[in-house]
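Before any comments, here is the structure.
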Amino acid sequence: MEPEILYEDKFVIVCVKPEGMPSQDDHSSTMDMVSWLKNHVSGAISGKPPYIGVVHRLDRPVGGVMVYAKTPQAAKELSRQFAEHKTDKVYTAVLTGKLPAKKGILTDWLMKGRDNLSQVTTAKASGSKEARLSYQVIRSKYETGRTWTLAQIALDTGRHHQIRVQMAHAGAGVYGDRKYNPDGPILPEAGGIGLFASKLTFTHPVTRKKMTFQAKPTGRIFQMFS
């Protein structure tokens, strides 16, 4: 599956990253988003080395809406927005459990440890950072001996593996997440991971216009709720 371009101008390019594709070069043999976008841009502007600036990331298994910068100035401004939490990011998730309420806010303290893993700790722990998100349950169903939950999740902070860690800690791990939900069920016909970046809002770095882009989850596990 190839990326889908949602919007493009001289300064930014908004696209849907397929699940399994790295957001940038990860030194593997897999095609990554930056390389793919450079090929795309160079085809439109022959003779010029294309610039693609990474201003935020999605974990490799996670698909969804992303924005990349096409100039260093645009990259600087977009990076500032993400660093200062001036953007709005909404995810759709399939969870293998039941959340505490129909909607709510989860606040935890996370620490990044070894093996590229994060864990919930305490505010007093050295190096811990506050992680906060809000969620709303869209639909729940009981199937294969457990409760499955389809939820929308909005990030207030942008910590390492934040949604995956906090959902697992709340008792409703993300489907297919073998790092933080290792005992969760795996459906052979579904595969993939039940997390998708479905909505992104940012301010255009040049025109200052607020822009919102959305996409429907592409993973097969989401068809359970279709």
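The values are calculated or read from the model by the stated rules, or taken from the named source; none is laboratory data. Owing to the predicted nature of the structure, the values given are computational and were not obtained by experimental measurement. So basically every Cβ, Gly included, is an ideal-geometry build from the backbone, and we count neighbours across all protein chains shown. We work out accessible area using only protein heavy atoms, side chains counted, and drop any ligands, DNA or RNA first. Shrake-Rupley method; radii C 1.70, N 1.55, O 1.52, S 1.80 Å.
Between PRO182, PRO100, PRO49, find the one with the highest GNM mean-square fluctuation for the chain; connect C-alpha pairs within less than 10 Å.
So, out of PRO182, PRO100, PRO49, the one fluctuating most is PRO49.
Just SER128, SER28, SER140 to compare: in a GNM of the chain, with alpha carbon springs under 10 Å, which one fluctuates most?
Looking only at SER128, SER28, SER140, the biggest GNM fluctuation is shown by SER28.
Given the options SER35, SER23, SER79, state which has the largest fluctuation in a GNM of the chain using a 10 Å cut-off (strictly under) for Cα springs.
SER35
Run the accessible area of the chain with a 1.4 Å probe and give the carbon-and-sulfur part as a rounded percent. The partial results should precede the final answer.
Details: 5770 of 11740 Å².
Result for the chain: 49 percent of the exposed heavy-atom area is carbon or sulfur.
So for the pair THR147, LYS103, with labels modelled 7 Å out along Cα→Cβ, what separation do we get in nm?
Distance between label points: 1.8 nm.
What nm distance separates the two modelled labels at THR201 and ALA123, each placed 7 Å from Cα along Cα→Cβ?
2.8
Would you work out if the stretch 75-137 is rounded, prolate or oblate? Take a ≥ b ≥ c from the square roots of the eigenvalues of the alpha-carbon gyration tensor; rounded if a/c is under 1.5, else prolate when a/b is larger than b/c, oblate otherwise. Before the final figure, lay out each step's value.
Values: a/c = 1.86, a/b = 1.10, b/c = 1.68.
Here the stretch 75-137 falls in the oblate category.
Provide the per residue accessible area, probe 1.4 Å, for the stretch 41-98, rounded to a whole number of square angstrom. Each step should come with its number before you reach the end.
Working: 2720 Å² over 58 residues.
Per-residue accessible area for the stretch 41-98 comes out at 47 Å².
What does the extension gain come out to for ARG80 and MET31, with contour length at 0.36 nm per residue minus their alpha carbon separation?
On the way: separation 49, 0.36 × 49 = 17.64 nm, distance 2.72 nm.
Contour length minus the Cα-Cα distance gives 14.9 nm.
Suppose only helical runs count, i.e. DSSP H with n ≥ 4. What mean residue ellipticity at 222 nm does that imply for the chain under -39500 (n - 2.57) per run, divided by all residues and rounded to the nearest 500 deg cm²/dmol?
Mean residue ellipticity at 222 nm (helix-derived): -4000 deg cm²/dmol.
Determine the distance separating the Cα centre of the stretch 142-196 from the Cα centre of the stretch 1-80; give it in Å without decimals.
26
For MET31, MET111, give me the order by solvent-accessible area with a 1.4 Å probe, most accessible first, ignoring ligands, DNA and RNA.
Ranking MET31, MET111 by accessible area, largest first, yields MET31, MET111.
Among DSSP beta bridges lying fully in the chain, give the percent that are antiparallel, nearest 5. Let's see the in-between values first.
Numbers: 52 of 54 bridges.
The antiparallel proportion sits near 95 percent.
Restricting the calculation to Cα positions, tell me the Rg (one decimal) and the Dmax (whole number) of the chain in Å.
18.0, 58
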